[in-house]
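Below is one structure; the comments refer to it alone.
Every number here is computed from the coordinates shown, using simple stated rules; none is lab data. Here the structure is a predicted model, which is why all the values come from computation and not from measurement. Ideal geometry is used to build each Cβ from the backbone, glycine not excepted, and the neighbour counts take in all protein chains shown.
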Amino acid sequence: MSGYIIRTEGILPTYACLGFVLLFLALIINEVFVSAEAEEAPPTASPLQRHLRPAVAVTIGWCALYYSFLQGQAAAAFWIHKKRREAGNKEKAGHDKEKALEFASVKYPGRPNTQGLIFVMDRSVGNLLEQTPPFLVAVWLHALAASPNEAAFFGWIWLLLRAAYPVAFAHPSMPRA
């Protein structure tokens, strides 16, 4: 009977992660290919708003990347929980049912676990948060004191490198903590 039930655990954070990734990519494409050609601003925008528009776009890009990492972190926990639960069910076939694998034991292990998808996403979120204050301060100070366009250029470079962090961190050649 339970084999016919469609389990949707993790579907919301997975789709939210993909949505924020698409938003992040759309912002980059817009800034690189569209905004560079058409320096338009709403007619009601002040000169300061027009001047700082590139730095605002980078800040919104940071928000999209941050939320994609958060949703990816949650999706990873749901996915690993499902895999471990399925593996546990296969092992218990024919045996007495023991206590079910709890989601919290997957999402928040005792932290001696420093490998796997959950750890990669936890570190991606943690590293993004650790580096955010200097990043945003640098973008906005450069935008205000020098050039918003240069601030946006370097901000997008930083965000693209930061978006690659989970992939680079998960690479087998990376040493484990």
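For the pair Asn149 and Lys82, a Förster radius of 45 Å applied to the C-beta separation gives a FRET efficiency near 0.50, rounded to the nearest 0.05. Once the C-beta distance of Ala168 and His51 is scaled by a Förster radius of 45 Å, the resulting FRET efficiency is 0.85 to the nearest 0.05. Annotation: for a label point projected 7 angstrom from Cα along Cα→Cβ of Ile29, residues of region 122-163 with backbone N closer than 17 Å are 160. The distance between label points at Lys90 and Leu18 comes to 2.5 nm (points 7 Å beyond Cα on the Cα→Cβ vector).
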